[in-house]
Structures are given as structure tokens and as C-alpha cells.
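The values are calculated or read from the model by the stated rules, or taken from the named source; none is laboratory data. Keep in mind the model is a prediction, meaning the values are calculated, not measured. Cβ sites come from the backbone with ideal geometry, for glycine too, and all protein chains shown count toward neighbours. When the accessible area is computed, the model is the full protein with side chains, heavy atoms only, and any ligands, DNA or RNA have been set aside. Shrake-Rupley method; radii C 1.70, N 1.55, O 1.52, S 1.80 Å.
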Amino acid sequence: MLFVTALLVTAGVIFSRYKYIRRNIELGKSWKGEHNPAERLRLMILIAFGQKKMFARPFVGLMHFVIYAGFLLINIEILEIVIDGITGHHRIFAPLFGATIYQILIGFFELLALGVLTTCIIFLIRRNIVKVERFDKPEMKGWAHLDANLILIFEIVLMFFLFTMNATDSILQMRATDLVNNMDAAHYKVFENTPVRFLVSQALIPLYDGLTTTQLVLLERAAWWFHIVGIMGFAIYVTYSKHLHIFLAFPNVYFTRLQPKGEMNNMPSITKEVKITMGMEEPAADAGMEDEIPSFGAKDVTDLTWRNILDAYTCTQCGRCTDVCPANMTGKKLSPRKIVMNVRQRADEIGQRMDEMGEYYKPDDKMLYGDYVTKEELMACTSCNACVEACPVNINPLEPILEMRRYVAMEEADVPDAWKAMLTNVGNNGAPWAFAPTERFKWADEMKNQ
Amino acid sequence: MSEETLRIPTMAELSAEGKSPEILFWVGCAGSYDDRYKAVTRAMIRILNKANINFAVLGTEESCTGDPARRAGDEFTFQMQAAMNIEVLNNYNIKNIVTACPHCFNTLKNEYPELGGNYDVIHHSTYLQKLINEGKVKFGGGEFKGKRITYHDSCYLGRANDIYEAPREVLEKLDAELVEMKRCKSKGLCCGAGGAQMFKDAEKGKKEVNIERAEEAVAVRPDYVAVGCPFCMTMMGDGIKHFNKEKEIKVLDLSEFIVGAQDL
């Protein structure tokens, strides 16, 4: 009963978090990608499910794959635990497979769990002792740093409980005939006269063998509860954490922008304006004063598309984008990861305010550009697409950067002076440099007169 | 090649004669005005002449594609340029465009269609590879035989449009030793000039991007750095100069290798 309640509470919390995040993502403007479900599915299987881009860095890719595979497969064991919890059985899958196969199966999961445990320890060392450069950037201070460590410690603790649970269970099975309490005896006598040991956890048996049977039952139950409640807690925690990528990687890769990376999105409102300027189109007859003047580019997250915000909630702050950013590696302030993190922070801020104020919601006076992202960061981008290429889950940090640049150029008209000169040249002379358009073909004369 | 036979036909001329070319060679602003990069334009003209291609240029009717304006955020200036260029191109009923500039290439190919300009646009690396494969351009190693060449991937050709092999295949024909830098192909490092950075000073940092990249190029001890982009050419050239290596390491465009090898 207690278990079912815990399960329902977890489901409830996760559902409300799901609604909250979904609403925040929908703060963004509409986005309609190329309709190509086959290609999208292919990418999702290859990149999200198959982890293809993670292997651009083979060693880390392999370690990440261990955790990923462990997570996917250990879910089968979690399923058993959940069914046990609901029905009051113990190891309900055991009779289904028979002692030997069950032992091998759980042994395999334990091997994965050991892999997860080991990898998490290596990752903790990489983050805190070896100090991999990309985990040590300014945007990784505070919560981002703590969050990453918490997840790793969480996983280590969960694995420890799993092993303790299995080890104590093995001992109890061996002592099943000594169990005074009939209920306990029935509980741990799953395999009749062939008590099972599991591949990894049997190493812990000597550690617990000295305990009395009563203590063991207590410890086994406690480990069982801590393990499963831990997993429920983890599931809830994930929705607040950068670790949300374990779910969002899939939809995010599915909604990859399929155009060539070099193509910047068109602004149809300006196409219309240009056509009117060039006399190719008449202004709409109903274009009255009441028409709201459209704003250009992005000043806040609400000016970005929902796909940009989905990107931000998917980001796990691995920093591969920042690591390959030419501006960042030469010491400029721009960090693509920071921009993506800022988008999530800002969406969260607006979302929380909406929930707090309810129907009396009024926007605050903060903005993504200005309060989170500075002009200096935006101006340093070479639009080289290295960040887009590097992201293992197809996040596009370039799009929000260029959208905010559009705001700087068209709403603030405050690009660097050199750009102002360049723009004037393009507009007046048809070249970014101050050459007369009549001189454009001079190279041909020069060539002929050589 | 004697000077009398060198053809540089303009669209206006061909159109007046009622003719239309097979391809339009889009020269670009750097190709028209930049002293160093004009050599690439000349190289292309020589190759097109030698291969006997029915081509034309726009001459004074060409204008900036608007790429740097769009990347700097000024969509209005970009679209004004695009609208004017598209009008010219459509009036001449242009179908095929070849350009040596990856930024012009990307804009013409990917960004003009939505504004009413639909052309088959090819970067000169792909076009040169095609001419070589068709046997229209033939050359041996010439002065490049056995030399070390490293190719610098430009972002707007590589990551932006997935063109990695064509430039390398052109260079392979030189009988030279192709060496790759640590960061190449999809992991290639920007020269630092894209996204309109060419036209302003870099933000404060500890290093210039082109120095970082030139350092990588120098490290593989090449005789030549091959580029396929006017911005890359300037940035790599300056970077090599920064290390005082301009005597040992020359920065050349793909087309210049062909002209050099063929002694055109």
C-alpha cells in the first residue's frame, strides 16, 4: 500500500513537471521543420538511441555508453521490483525463468551496474580532480557543478543499494530453512533448495554474513526500499536537472533542423517590406495604424522558437559545443553552452513567475538578451557551425545567437561601428568594402591588359 | 595562352547576341576587388577558357550576395541585395552558377530559393573536380609534385554544406603529399572570418582565431596551405605571416594549384 502510494505520488509529481516543462517550451514561437518523418526517425535511432555522435570522442563515448546501456537494461530489473512492490511478491520473475537463467540474468544486470558504478567514479574524478577543461568554464560554477556531481553520487548510491539488496537476499536464501518467521521463510525461499548467488553482489556476502537473520531481513528490506524510492526520487530530480537529456534527447533529435547548416532562417516579414520598397508589391490595403509593428530578431526566449527552448531543456551541459568554438578557445566571452543554458534559465524564470502569479501574470522587466546574454558574446560568433556539429543530441546553439544578433542589428541598430560601415557599403556599393560599383569589373581589364 | 583568345564574356554581351551560357561564373566581391584574391578569379577564367566552357560573368551587374549583412543581423540589407541579384539573375534566365566563394555559394544555393531565386549552384571545388573527371581539365603534378599540401576546410563549404571530398580530390591530382591538420573535415577549425567577422575587429580574447589555425597548419610542415575561400585565404595568409613562414609556406586557392600545375 505504502509502495503504491509512493509510486502514485512519483507519477503525479513527474506529470506536473512534464506539464510545466511542456508549457515552458511552448512559450517559444511556432516552428515547422521539413516534413520528413523517415529521416527524423533515422536520426533519432542513430543519434539518440544509437549514441552515434558520442563516439566522436571514443573513450568518453564508451564510458557514456556503459551508463546508458546500464540504464536501459536495469529497467527490466526495476520492472520486477515495481511488480513485487505492488503485488507483495518477492522476485516475481524468478520462477518464470528458473534458478539458473534468473541467476545469469541478474548477474548480467549486476555487471552493468558495476560498469555504471565504475564509470560514475571515473566521471567524478574527471570533473573534480583531473578537471577536464570544458567542465571548468565560468558557466559551470555553482548549481551546474553541483547538479553534475549529485547525479553521479546518486547513481553510485543506487548501485550500492542494488548490490546490498542482492547480497543479503542471497544469504537469506541460504538460511531460508532457519527463518523462524514463516512469512519471511516463504519470502526468501524463492528457489526452494537451490539458493542463488549473483555475479557481482556475491563479493559482498562476507561483509554481511556475520549479521543475524533478523538483521539481514531488515537490511534486505531497507536496501530494497532505498533502491526503489531512490529511483523514484531520481526520476523526479531529473526533471529539475540537466539530466533531463535522458528523455528529451529523443524528441530533440527527432526535431532536428534538416536544412543545410549554413542556411539562415528567412524572415518573411522583411521579404514583404523589401518587395514594397522595390515596388514589386503594393502595401496591403488594410495596413492601418492598429497593426502592431513586428519586432525583429530575439530579445527574450519568447522570441525564439519552441525548438530552441526544447534544445535548452535537452542540454546536459557537456560543453562539447564550447570546446570546439573558435571564439571560446581563443579566449572570447562567447560560450555556446552558456547561451543554451541561459535560454533554459530564462524559460524557467518566466515559467515559475507564470505559476506564481497565475491569472495575474505580468511579465517582469528582464530579458534574455541584456540580462543573461551580452552583446560582446553575440558579436564574437563566426557562425562556423562547429557547435552545431559537435552536439551529441543535435542542439543548435547558433540559431539563438543569430536571432539575438538580428535584434541587436535591427531593433537596437547598435552593431559595432566597423559593421555599420560594412552594412552601408553593402547597401550603397553592393560590396562590403568601399569600392565603387563601377570598378567591379576592373579585374577583367587588368587581366586583358596584362 | 595568347591574350587575344582569352574570353571574359559578360551576360549583357551574350544576351545581346541572343546567346545563353552554360554556366554563370559568380565572381563575388573579394574576387572583384581584393588584390590577392583577384588572382583566383584570373585562375578561374584561365581554367574556364582552357576547358572551353561556355561561361559568362555579370561584370558590373553583379552585387554582394548580402551574406555578411545577414550574418551581422541586418536582414533588411541582405534581402535588398538578394532581391536585386535575383532580379538580374532571373532576367538573364540563369540556370547554373559556379562560384569560388563558399559564402556566395551558400547564400545563392540555400538562401535565395526562398526569395524566388532557384539556381543550380556549384562551388568551384566541386566544379573543378567535375571538369577533371570529364577530362576537360588535365594537369600533372608540375611544380607541386611531391610537395606537402594541407587543405584548410572552410566552414561554409564543409560543415555548412557537407563538401569535404571534392577539394581533396582536386589536390590529389597534383601528385603531392596531402597532409591533414589535427582538426579537419567536420571538425575543422574556422579561420575566424565567417559570420561577418571579416569586417570587424575580434572581441577581446587571448588570441586571434587565424593565429590558432595557422599554428595548426604550420605544425604539419606543409609547403602549401590549400584553401577554397577568399576569407580563409586572407586569414591563413596573415596567420602564416604571423609566424614568419610566408617564405616557406604559400597559401593558394584550389584553382591556383591547377593553373600552376598546368602552367597556364
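Which one is nearest to A:GLN345 (Cα to Cα), of the residues in the range A:105-149 that are open to solvent by 70 Å² or more (accessible area, probe 1.4 Å) and in contact (Cβ under 8 Å) with a residue 24 or more places away in the chain?
A:PRO138
Would you call A:VAL9 closer than 25 Å to A:THR239 by Cα, touching a Ser or Thr at 6+ places or on another chain (Cβ under 6 Å) and open to solvent by 30 Å² or more (accessible area, probe 1.4 Å)?
In short, no.
Tell me which residues, restricted to the range B:44-75, are more than 7 Å from chain A (Cβ to nearest Cβ), over 17 Å from the mean Cα position of the chain (by Cα) and open to solvent by 10 Å² or more (accessible area, probe 1.4 Å).
B:ASN49, B:LYS50, B:ALA51, B:ASN52, B:ASN54, B:GLU61
Can you tell me which residues in the range B:28-41 are touching a residue at least 12 places away in the same chain (Cβ under 8 Å) and facing another protein chain (nearest Cβ under 10 Å)?
Hits for the range B:28-41 are B:GLY28, B:CYS29, B:ALA30, B:GLY31, B:SER32, B:ASP34, B:TYR37, B:ALA39, B:THR41.
Find all pairs meeting these conditions: Cβ atoms under 8 angstrom apart; at least six residues apart or on different chains; first residue within the range A:38-55 and of a type in the set (Lys, Arg); second residue surrounded by fewer than 14 Cβ atoms within 10 Å (Cβ to Cβ) and in a helix (DSSP H, G or I).
What qualifies is A:LYS52/A:LEU46.
From the residues in the range A:398-419 that are over 23 Å from A:GLY262 (Cα atoms) and free of Cβ contacts under 8 Å to residues at least 24 places away in the same chain, which one is nearest to the other protein chains (Cβ to nearest Cβ)?
The extreme case among them is A:ALA418.
Considering only the range B:194-215, state which residues are out of contact with any Asp or Glu (no Cβ under 9 Å at 6 or more places or on another chain), among the hydrophobic types (A, V, I, L, M, F, W, C) and facing chain A (nearest Cβ under 7 Å).
Correct list: B:PHE199, B:VAL209.
What do you reckon, is B:LYS241 at pLDDT 95 or above, in a loop (DSSP other than H, G, I, E, B) and over 22 Å from A:LEU402 (Cα atoms)?
No: the conditions fail for B:LYS241.
Would it be correct to say that B:LEU174 is over 30 Å from A:LEU258 (Cβ atoms), assigned to a loop (DSSP other than H, G, I, E, B) and in contact (Cβ under 8 Å) with a residue 24 or more places away in the chain?
yes
Restricting attention to the range B:8-41, which residues are in a loop (DSSP other than H, G, I, E, B) and surrounded by 13 or more Cβ atoms within 10 Å (Cβ to Cβ)?
Residues satisfying the conditions are B:ILE8, B:PRO9, B:SER20, B:PRO21, B:VAL27, B:ASP34, B:ARG36, B:TYR37.
Restricted to the range A:368-397, and to residues that are more than 9 Å from chain B (Cβ to nearest Cβ) and part of a helix (DSSP H, G or I), which residue is most open to solvent (accessible area, probe 1.4 Å)?
The extreme case among them is A:ASP371.
Within the range B:68-87, can you find the residues that are without any contact (Cβ under 8 Å) to a residue 40 or more places away in the chain and hydrophobic (A, V, I, L, M, F, W, C)?
Within the range B:68-87, B:PHE76, B:PHE78, B:MET80, B:ALA82, B:ALA83, B:MET84, B:ILE86 qualify.
Go through (1) more than 14 Å from every other protein chain (Cβ to nearest Cβ); (2) surrounded by 21 or more Cβ atoms within 10 Å (Cβ to Cβ) and name the single condition B:GLY146 misses.
(2)
Quick check on my filter: what residues within the range B:233-264 are under 27 Å from B:ILE122 (Cβ atoms) and touching a Pro at 6+ places or on another chain (Cβ under 8 Å)?
B:LEU254
Looking only at the range B:84-93, decide whether some residue is over 20 Å from B:ILE23 (Cβ atoms) and within 9 Å of chain A (Cβ to nearest Cβ).
yes
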